[in-house]
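Taking it in order: structure first as structure tokens, then the write-up.
The values are calculated or read from the model by the stated rules, or taken from the named source; none is laboratory data. Just so we're clear, the structure is a prediction, and the values are computed from it rather than from any experiment. For neighbour counting, all protein chains shown are included, and Cβ atoms are generated from backbone atoms with ideal geometry for every residue, glycine included.
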Amino acid sequence: MAETAPRFLPAGEAALTVEFGTTIDPLLNARVRGLDAALAASPIAGVIETVPTYRSLMIHFDPRLLSTSALIEKVARLPSEPLATESAKHWLIPVCYETTHAEDLAELANALAMTQDEIIALHQGADYQVYMYGFASGYVFLGGLPAALTISRRAKPRPPIPRGSLLIAGGQALIGHDPMPTGWYHIGRTPVATFDPEREPPCFIEVGDRLNFEAIDSTSFEALEHAAREGAPVAPRPA
Amino acid sequence: MPALRVLRAGPGTTIQDGGRFLYRRYGVTPAGPMDWQAFRTANYALGNAHDAAAIEIALGGIELCCQGNALPLAFCGGAFQWQRNGKPLPCAMRLTLQPGETLSAKPGPSGAFAYLAVAGGIATKPVLGGRATQTRAHLGGLDGRMLQAGDVLPAASPSHAPQIEAEIAAPWLSRDDTPFRVMLGPQQDYFTDDALATFFSAEFRLTHEADRMAYRFDGPKIAHAHDFNIVSDGIALGAIQVAGDGKPLVLMADHQPTGGYPKLGHVARADLGRLAQMRPGETCRFSRISVDEARNAWLQCEDAIAETQRFLRPLRREPTNEDLLRINLSSGVIDVDES
């Protein structure tokens, strides 16, 4: 399929959205990451930072140094190729699915007419790709959730989920960080901190990385979480 | 080392700098001041860098005491009621607070935020390159939280030349009710033509759902042309998001860096400080502006604010015993009979 040219959509006078499409699609995300990498390799003076999302790249810039039209011209000239994920990092993230750490699992099983074990097996068995960060610091949005686990968001947000929660809704999966109320369903917890402001960069998982989950019991969860609190890095090993 | 001790702080009062950039790709909100124009003016009145950390004071107000050495300060923003040692002050000024003196601010007739800058900036510990407080993620400021009684805010440098006390008579600090200028996009095609016409002609009222994340407005429904969900994309400051209820939501300093509702347009940065100063219940209108016009308006605005020092009007005040003592020491003689 021939690639269509991206759309350049101003988002105010200091940001530009480069839109490759409007759907969740690994090919679109590969093009987003391709442009992101091209901009990192050949920086444009005046660009402050870029934010990759499922299907577009937002470029924040300093209007003192760059106008929207000048930026569009420079970006359009930049050669960029869709970025393959083969070279990306691959992480194995420990997850505890026991009901004390999976508050909505029973509700979800009921709604999807599945057993809790079936849901866990599907969630844990899938291969994921990191599409973007969103919501708040360290919230990792993943593609690759099995279609059988598709459920629409709650009409009303549920009470705050604990730190490191695994959530699903709208056919998407994510790993959370700080507690917050959410319209998603809580199906597990990881002791791994996806965000640490003392680290540079603060997140070790990059957009484009691949990821799998590994089930752990609540005893190892607590041990790993305790170790993390004591300062020991919970190092997710490359799979 | 001069410092400010917080005697009382109402809710919503935080330390803010120019914003924490470079980490939006990891979901980190830049934060920064709600009214960047007033924030910058306070810093420039002291000769600070434009993004030096200062105190953002919300409608809860604040009361502080100077400790250590004398500390030059500047404040401006909404029309708050300021007092030094219980005596009223203009609502935008530069002064030097002596150790033991108190300074307080409470809301006045209008405005939602005031800024108090200190010479050299406030020297709390930077997190991810910034001092801006983002309470939701517990980042920056003091332990990522709002200020509270007992907090001690150190100034960055040990001593400063005393500055002439002056009122900041900057024309851009006065508020009017001209419509807020808005650039369309990126998802204006998610709205009907009638909806866009309504947005640019109707009056909107700021609701009580107004905080550092977003201001929700009430008014006629802004109808979507089709769906009101989009696959998440990036969000810039001042974006006007319209969710399923058809009410516009202007995304402010603590906005999320990505989101899944269509964005009708963006408020021009040159007007965003004035919008931030609205209080719930106040009304406004929106008008259209092109991206190029908005950029020019922003640059002109920045250039004007950079000239803040030209708008300082020295203030006469009753001399205190301390002043008299200083004059006495420096000149040697005071002839009280001639005064």
>> I'm trying to understand the selection: among the residues of the stretch B:244-267, which are hydrophobic (A, V, I, L, M, F, W, C) and either surrounded by fewer than 20 Cβ atoms within 10 Å (Cβ to Cβ) or more than 11 Å from chain A (Cβ to nearest Cβ) (or both)?
In response: B:Leu249, B:Val250, B:Met252, B:Ala253, B:Leu264
>> For the stretch B:1-42, which positions are closer than 30 Å to A:Ala40 by Cα, outside any loop (DSSP other than H, G, I, E, B) and more than 16 Å from the chain's Cα centre (by Cα)?
In response: B:Arg24, B:Arg25, B:Tyr26
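Rundown of residues vs (1) within 25 Å of B:Asp245 (Cβ to Cβ); (2) within 13 Å of another protein chain (Cβ to nearest Cβ), yes/no style:
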residue	(1), (2)
A:Leu145	no, no
A:Arg158	yes, no
A:Gly164	no, no
A:Ile168	no, no
A:Gly183	yes, yes
> Could we say that B:Pro99 is out of contact with any helix residue (DSSP H, G or I) (no Cβ under 8 Å at 6 or more places or on another chain) and part of a strand (DSSP E or B) here?
Replying inline: no
> Scanning the stretch B:112-154 for residues that are under 21 Å from A:Pro179 (Cβ atoms) and more than 14 Å from chain A (Cβ to nearest Cβ), which turns out farthest from the chain's Cα centre (by Cα)?
Replying inline: B:Leu142
> Restricting attention to the stretch A:27-48, and to residues there that are within 13 Å of chain B (Cβ to nearest Cβ), surrounded by fewer than 19 Cβ atoms within 10 Å (Cβ to Cβ) and part of a helix (DSSP H, G or I), which single residue is farthest from the chain's Cα centre (by Cα)?
Replying inline: A:Ala40
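Residue by residue, here is whether (1) of a type outside the set (Asp, Glu); (2) within 16 Å of B:Cys65 (Cα to Cα); (3) surrounded by 24 or more Cβ atoms within 10 Å (Cβ to Cβ) holds:
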site: B:Pro90; (1), (2), (3): yes, no, no
site: B:Gln98; (1), (2), (3): yes, yes, no
site: B:Lys106; (1), (2), (3): yes, yes, no
site: B:Leu116; (1), (2), (3): yes, yes, yes
site: B:Gly141; (1), (2), (3): yes, no, yes
> Restricted to the stretch A:67-92, and to residues that are assigned to a helix (DSSP H, G or I) and without any contact (Cβ under 8 Å) to a residue 60 or more places away in the chain, which residue is nearest to the other protein chains (Cβ to nearest Cβ)?
Replying inline: A:Thr68
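Pick out the one residue from A:Val95, A:Val32, A:Val18 that is in contact with a strand residue (DSSP E or B) (Cβ under 9 Å, 6 or more places away or on another chain), assigned by TED's automatic domain parsing to the domain that holds A:Leu224 and touching a residue at least 24 places away in the same chain (Cβ under 8 Å).
A:Val95
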> How many residues are assigned to a strand (DSSP E or B) and at the interface with another protein chain (Cβ under 9 Å from one of its Cβ atoms) if we restrict to the stretch B:225-243?
Replying inline: 3
> Which residue, of A:Leu166, A:Leu211, is in contact with a Phe, Trp or Tyr (Cβ under 6 Å, 6 or more places away or on another chain) and surrounded by 14 or more Cβ atoms within 10 Å (Cβ to Cβ)?
Replying inline: A:Leu211
> For the stretch A:1-15, how many residues are of a type in the set (A, V, I, L, M) and within 9 Å of chain B (Cβ to nearest Cβ)?
Replying inline: 4
> Hey, any hits in the stretch B:4-11 for a residue that's within 14 Å of chain A (Cβ to nearest Cβ) and basic (Lys, Arg)?
Replying inline: no
>> I'd like to verify a number: residues in the stretch A:141-150 that are surrounded by fewer than 17 Cβ atoms within 10 Å (Cβ to Cβ) and more than 28 Å from A:Asp196 (Cα to Cα), how many?
In response: 4
> If you check B:Gly281 against the conditions, is it among the small types (Gly, Ala, Ser) and either within 17 Å of B:Asp177 (Cβ to Cβ) or modelled with pLDDT under 95 (or both)?
Replying inline: yes
>> Against the condition crowded, with 16+ Cβ neighbours inside 10 Å, in a loop (DSSP other than H, G, I, E, B) and outside the structural domain of A:Asp25 (by TED's automatic domain parsing), how does A:Pro63 come out, does it pass?
In response: no
> Just for the stretch A:121-140: of the residues that are part of a strand (DSSP E or B) and surrounded by fewer than 24 Cβ atoms within 10 Å (Cβ to Cβ), which one is farthest from the other protein chains (Cβ to nearest Cβ)?
Replying inline: A:Tyr128
> Any chance the stretch A:222-230 includes a residue that's touching a residue at least 24 places away in the same chain (Cβ under 8 Å) and loosely packed, with under 13 Cβ neighbours inside 10 Å?
Replying inline: no
